[in-house]
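The block underneath contains the structure these notes are about, expressed in structure tokens.
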Amino acid sequence: MPSGRSQFRVGDVGAGATVLQGEKLSIGFTAEQVRALIEASTKGADERIAEISRQLGVTQGAMRTMLATVGQADVLDEKLAEKLAEVFKHTQEAGAAIAALRPDNPVAQAHVADAMQAQACGDRERARRHLRAAREAAKAAADEARRLARQAEAAAEHQMLQAARAAAAEAGMALAGFDYVEAARLFGEAVALVPAGEADEKAALTRRQADTLRHQGDERGDNAALHDAIDIYRAALRLVPRKRSLLDWATTQYKLGRAMAMLGARTSDVALLNEAVAAYRLALQESWRFPGLGERAEMRNNFGKALLRLGERESGTAALEEAVAAFNAAVAGFTKARARTQRILPVLASRNRAQALLDERRQSG
């Protein structure tokens, strides 16, 4: 085969040739020409390979690697030019992909630079080693970034928790001045500041907000505040599932019952009184968890009051019968707790009232 450029078709390559689009111009190869180049590439320096490499814009090392790849592949002679074009295309794309890498990590940057040099020289294995190293360096940097991000997130949550506690402390100052509305507003702000992962703290502050509104409703006759307290106690219950914290759950149920009973009695809302009785009943299922005997007795006393108010507004005797039983249990509890007589006397008065109304209903029935 004659040497020199004339053996390769440049520009109008004609039929039967496969075109390689180089950096500077396009060159057409026939299968016979590719076979000749493959054979030449195995014999050391060759002016034909040097010239083609220059025209295609690749190094001689890269050109020899591409020719060796095609020569070692199980390819029919008539497909040699087509396969060389395929290898050339993939090599160009791989080089462009490496050149497009812009890692911020200095270690990865160095490996990418080495990979580019190796790829340009046709040393695929070395290029791949450096790309793997760049990948591992980037992954390590990403892991470190995630670790730092977790630390930053934890620090941010800690600061938000401190902010919430500062708002709650300010609410306490407002409570000290009996400014229930302002205190409730501040407790609400504290709740909003608590991080999502601090459910118990959020629930506790939510209860305090509801407690404050209940005091506003009780002492200032503010029915709207009682409505809000009921809604907020319900929100607190959603934050403290029964299985996770039985005592907190029972405490919240009890306080919800108190707010409902207070508003139900004030507005003669029988449905709300029934809800209050149901809330008390749920709380009393866990009453043994409350540490103080007097506290348990007070729960039964308030349960009895709700039943009495309900019994006064209904025609049956069931609520009144249960009210008498609740008051008797409360008296027994206060007595066991050695409460003062002054504390027991109002309970006895409520029991006697319930008993009298019950007797009257039974006689009239």
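Read the figures in this text as sums done on the coordinates, not as results from a lab. Predicted, not measured: the structure shown is a model, and the values here were computed from it. All Cβ positions, glycine included, derive from the backbone under ideal geometry; neighbour counts span all protein chains shown.
For the chain, what is the calculated [θ] at 222 nm in deg cm²/dmol (nearest 500), taking -39500 (n - 2.57) for each run of four or more DSSP H residues and dividing by its residue count?
When only DSSP H runs of four or more count, the value is -26000 deg cm²/dmol.
Can you tell me the FRET efficiency between Gln355 and Asp269 if r is taken as the Cβ-Cβ distance and R0 is 30 Å, rounded to the nearest 0.05?
The formula returns an efficiency of 0.75 here.
I need to check one value: relative contact order of the stretch 259-299, counting alpha carbon pairs closer than 8 Å and at least 6 residues apart, in percent.
So the answer I get is 28 percent.
What's the FRET efficiency of Ala152 with Ala97 using the Cβ-Cβ distance as r and R₀ = 35 Å, to the nearest 0.05?
Efficiency at R0 = 35 Å is approximately 0.60.
What percentages make up the Cα-Cα pair-distance distribution of the stretch 291-365 when the bins are 10 Å wide from 0?
Bins of 10 Å from zero give 23, 49, 22, 6, 0 percent of pairs.
Can you give the FRET efficiency to the nearest 0.05 for Glu86 and Arg135, using r as the Cβ-Cβ distance and R₀ = 35 Å? Could you put the intermediate results ahead of the total?
Details: r = 26 Å, r/R0 = 0.73.
Working from the Cβ atoms, E equals 0.85.
Helix 199-220 versus the longest principal axis of the chain: what is the Cα-based angle in degrees, 0 to 90, to the nearest 10?
30 degrees
Run the quick spin-label model on Val181 and Gln159: label points 7 Å from Cα toward the beta carbon, then report their separation in nm to one decimal.
Those two pseudo-labels are separated by 3.4 nm.
Working from Cα positions, state the angle (0 to 90°, nearest 10) between the long axis of helix 293-313 and the longest principal axis of the chain.
Roughly 80 degrees between the two axes.
Mind pulling the angle between the C-alpha long axis of helix 318-336 and the longest principal axis of the chain? Nearest 10 degrees, somewhere in 0 to 90.
Computed tilt is about 90 degrees.
Once you put a point 7 Å from the Cα of Lys243 and another 7 Å from the Cα of Glu312, both along the Cβ direction, what distance in nm separates them?
Once both label points are built, they end up 4.2 nm from each other.
Just name one of Ala120, Asn274, Ala73: the one whose Cα is farthest towards the positive end of the charge dipole of the chain (beta-carbon charges, Lys/Arg +1, Asp/Glu -1).
Of Ala120, Asn274, Ala73, it is Asn274.
Using a/c under 1.5 as the rounded threshold, could you call the chain rounded, prolate or oblate? The axes a ≥ b ≥ c are square roots of the C-alpha gyration tensor eigenvalues, and prolate needs a/b larger than b/c, oblate otherwise.
prolate
Ala325 versus Arg281, label points 7 Å from Cα toward the beta carbon: distance in nm?
About 1.1 nm, to one decimal.
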